[in-house]
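Reading through the structure tokens given below for one structure.
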Amino acid sequence: MKDAHEQVLSEESKEVWRDHVLQEIVDFLGSRKDEIYENYAKQSEGRLSKEVIEDEGLMDFELAITFLRDKKKWFGLGSGFFKANLIR
């Protein structure tokens, strides 16, 4: 019989959590597109215009999240941590 901790950490539960976190990140990035571009414009000398970035789809992202708990052999940070990779 599984204990309560094991049941909470089922693959299905982790996938539901992962989907929620991904949606939060996508919503956060989407709501900050202007601020993201403004920061880029301040920091970059040969910057692309906002119009070019939008026309080329450079503000459209796919996200992948890997829980470090799932990869703790390689990352060693233990449970409760995750990292997000922006993939274009």
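The values are calculated or read from the model by the stated rules, or taken from the named source; none is laboratory data. Only a predicted model underlies this, so the values are computations on that prediction, with no experimental measurement involved. Cβ coordinates were reconstructed from backbone atoms using ideal geometry, including for glycine residues, and neighbour counts include every protein chain displayed. Surface accessibility is based on the protein's heavy atoms, side chains included, excluding ligands, DNA and RNA. Shrake-Rupley method; radii C 1.70, N 1.55, O 1.52, S 1.80 Å.
Testing SER31 on (1) modelled with pLDDT of 85 or more; (2) open to solvent by less than 90 Å² (accessible area, probe 1.4 Å); (3) not basic (Lys, Arg), one condition comes back false. Which one is that?
(2)
Looking at (1) at pLDDT 60 or above; (2) open to solvent by 70 Å² or more (accessible area, probe 1.4 Å); (3) over 18 Å from the mean Cα position of the chain (by Cα), which one does ASN39 not meet, given that it meets all the others?
Exception for ASN39: condition (2).
Being in contact with a strand residue (DSSP E or B) (Cβ under 8 Å, 6 or more places away or on another chain) and either β-branched (Val, Ile, Thr) or outside any helix (DSSP H, G or I) (or both) is the filter here, so list the residues in the stretch 22-50 that pass it.
Listed by number, the residues that qualify are ILE25, VAL26.
Scan the stretch 68-87 and tell me whether some residue there is open to solvent by 90 Å² or more (accessible area, probe 1.4 Å), modelled with pLDDT of 70 or more and at negative phi.
No.
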